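Presented below is the structure to which this report refers.
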Amino acid sequence: MTKTGNQTKTGKPFSTVSFFNDVNRFFDLAARHTTYSHDLLEMIKDAKSVYRFKFPIRRANGKIESVDAWRVEHSHHMHPTKGGVRYSEMVNEDEVMALAALMTYKNAIVNVPFGGAKGGIRINPWEYDERELEHITRRYTSELIKKNFIGPGIDVPAPDYGSGEREMSWMVDTYQAFYPGDVNSHAAVTGKPLSQHGIAGRREATGRGVYFAARECVDVPEDMKKIKLAPGIEGKRVIVQGMGNVGFNAARFIQQAGGVIVGLCEYEGAIYDKNGLDVNEVFEHRKATGSILNFKKAKNFTRSAEGLEQDCDILIPAALENQITLANAANIKARIIVEGANGPTSPEAEELLIGRGCIVVPDMYANAGGVTVSYFEWLKNLSHVAFGRMHRRYEEQSNQDLASLMEKMTGTQLSKEQRKLLVKGPTELELVVSGLEDTMVTAYHEIRDIKMNKKEIESLRTASYVGAIKKIATSYMNLGIWP
Ligand code: NAD
């Protein structure tokens, strides 16, 4: 294992495990199931451009600080490259490289025509006020502009851990200040607020995608029989780690679909109630008290990691990487793990879990909802029109005509509700959800088919890599360089 650094500004040690090595180990495992040359596989695996930089900022208290930052473009087999920007004091080059590589494979798996990229700013965003964060974000963006690491056809950042719509709106505004008159400038950044050319449903897209991933997995009766669970999401007992963008929304959608959220874990601790926790109520409780602990009759665990080891059917790690390792894998009771976070399971832990019959739905597929809807946002920005705007009314009128004709021919009058249901044209959100659902469903079965068609492929992760490698290799081979 490779050591990745020494310590953060506040003295916390960086991980000593190389996340990029882990990603590459998974890649190598999968590559054995393909027939591509070593050269081609190395071409796919390596990061293509790594930009590491440092810039000074003046804090509100007058102190000068230097900020370390990165942007890694992992693959240029398609343009633009795409990936979030992480704001965390634990960010390091190895992590950004790993996350950029995962983006390449993720895009390929869900058939999003982008290369993979990732950015990182090494700060603890909760220790900076809004003006300082704006200054850091704008400076980060202008550094990317200087080196041509951002643009609608070059590299398109999005939110990640520690960043959100606010940061994306600062980024795109900075980009536009440098490129006035560029009609496509909105497409330089995704995950923007709706008011700034964002798209309906982007905020909750990753969590919604995690829900679709979990649902597809439990909807295959043959696979559920092997792990002695009834098919269907209804009644499945679920533990979610991380009540942030991904975890909170995944929990919400699963609950809406009839799943039972029995456990929630945050950094301050975990709560568990076998009768189910109302996710929205826990969210409000945390807002009011500053902690998820002491929620109604739920059992408290002051050591957050203990929450992962409680009884459930599905475990969704949706906080950070490296949460399920050899240190706790043997204690995990879930029979299905759906990875909301990037890299939450170490290769050794996955081997142990799969050996025990557990199904691991891998990050590079399960959390691809965000980039999928980012792709829709990018398309919307380039076409300069909201989805549905041109045809919604037309569709409604056609449906009205059809409904009237049906009434005339059958002599039956539709009720007001029936007519409303029948004629309604789609909203942008409905189109986005439909596109996302189709993407997640199609990709799940593509991956599962790869696994089912070759018995040596032991995991959905390996199958995902095999599928991604094939798609990326094909695009390199189409260049005519490799035979
Ligand atoms: P977020 O900052 O909104 O939420 C993360 C949550 O995890 C926070 O509530 C935080 O308090 C909690 N947390 C941190 N450390 C924890 C610990 N040790 N135990 C329990 N909880 C802990 O971030 P997010 O956007 O939800 O991202 C979460 C993960 O999902 C990251 O790995 C990110 O790379 C990945 N991801 C995010 C998106 C997206 O669209 N936001 C897309 C794909 C992947």
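Read the figures in this text as sums done on the coordinates, not as results from a lab. Given the structure is predicted, the values throughout are model-derived calculations rather than measurements. Cβ coordinates were reconstructed from backbone atoms using ideal geometry, including for glycine residues, and neighbour counts include every protein chain displayed.
Given the pairs LYS192/LYS471; LYS225/LYS274; LYS225/LYS471, which are separated by over 25 angstrom at their Cα positions?
Checking Cα-Cα distances, LYS192/LYS471; LYS225/LYS471 exceed 25 Å.
Report the antiparallel proportion of the DSSP beta bridges in the chain as a percent, rounded to a multiple of 5. Spell out each step's value before the answer.
Details: 24 of 49 bridges.
Just about 50 percent of them are antiparallel.
Would you mind ranking ASP219, ASP313 by Cβ crowding within 10 Å, fewest neighbours first? Walk me through the intermediate numbers first.
Numbers: ASP219 14, ASP313 23.
Ascending Cβ contact count within 10 Å gives the list ASP219, ASP313.
What share of all Cα pairs of segment 327-372, in percent, falls into each consecutive 5 Å distance bin?
So the P(r) values, bin by bin, are 5, 22, 32, 23, 10, 6, 2.
With 10 angstrom as the radius, rank LEU194, LEU277, LEU479 by how many other C-beta atoms surround their C-beta, starting from the fewest.
Numbers: LEU194 15, LEU277 27, LEU479 8.
Least crowded to most crowded, the residues run LEU479, LEU194, LEU277.
Are there any trypsin sites (Lys or Arg not before Pro) in segment 85-160 that are in a DSSP loop and have at most 16 other Cβ atoms within 10 Å? List them by number.
Working: sites: ARG86, LYS106, LYS118, ARG122, ARG131, ARG138, ARG139, LYS146, LYS147; in loops: ARG122, LYS147.
Of the trypsin sites (Lys or Arg not before Pro), the ones in loops of segment 85-160 whose Cβ has at most 16 other Cβ atoms within 10 Å are LYS147.
Where Rh is the Kirkwood radius over the Cα pairs of the chain, the temperature 4 °C and the viscosity 1.567 mPa s, what D in µm²/s does Stokes-Einstein return? The partial results should precede the final answer.
Numbers: Rh = 23.5 Å.
In µm²/s, the coefficient is 55.
Averaging the inverse of every distinct alpha carbon separation and then flipping it gives the Kirkwood radius. What is it for segment 416-477, in angstrom units?
So the Kirkwood estimate lands at 14.4 Å.
Give LYS147/LYS380; LYS333/LYS454; LYS297/LYS420; LYS118/LYS236 a once-over and call out the pairs whose C-alpha atoms are over 32 Å from each other.
On the way: LYS147/LYS380 26 Å; LYS333/LYS454 28 Å; LYS297/LYS420 43 Å; LYS118/LYS236 34 Å.
From LYS147/LYS380; LYS333/LYS454; LYS297/LYS420; LYS118/LYS236, over 32 Å: LYS297/LYS420; LYS118/LYS236.
How many percent of DSSP beta bridges within segment 48-197 run antiparallel, rounded to 5? Please report the intermediate quantities before stating the final value.
Values: 16 of 26 bridges.
Looking only at bridges with both residues in segment 48-197, the antiparallel portion is about 60 percent.
Please arrange SER383, SER195 by counting, for each residue, the other beta carbons lying within 10 Å of its beta carbon, fewest first.
Numbers: SER383 12, SER195 8.
Least to most surrounded, the residues fall as SER195, SER383.
Give the relative contact order (percent, whole number) for segment 218-363; include only Cα pairs under 8 Å separated by 6+ residues. Write out the running numbers ahead of the final one.
Working: 313 pairs, mean separation 30.4, N = 146.
Result for segment 218-363 is 21 percent.
Of all DSSP beta bridges located in segment 227-302, what percent are antiparallel, nearest 5? Write down the numbers at each step before the final one.
Numbers: 7 of 12 bridges.
If I count the DSSP bridges inside segment 227-302, around 60 percent turn out antiparallel.
Under 30 Å Cα-Cα from LYS416, which lysines qualify once same-chain neighbours fewer than 8 residues away are excluded?
Correct list for LYS416: LYS408, LYS424.
Counting every Cα pair in segment 48-197, what percent are over 28 Å apart?
Values: 1474 of 11175 pairs.
Above the 28 Å cut-off, segment 48-197 has 13 percent of its Cα pairs.
Give the Rg (one decimal place) followed by the Dmax (whole number) of segment 205-369, computed from C-alpha coordinates and expressed in Å.
For segment 205-369, the Cα-based Rg and Dmax read 14.3, 44 Å.
How high is the relative contact order of the chain? Use alpha-carbon pairs under 8 Å, at least six apart in sequence, and give a whole percent.
Working: 957 pairs, mean separation 70.2, N = 483.
For the chain, the relative contact order is 15 percent.
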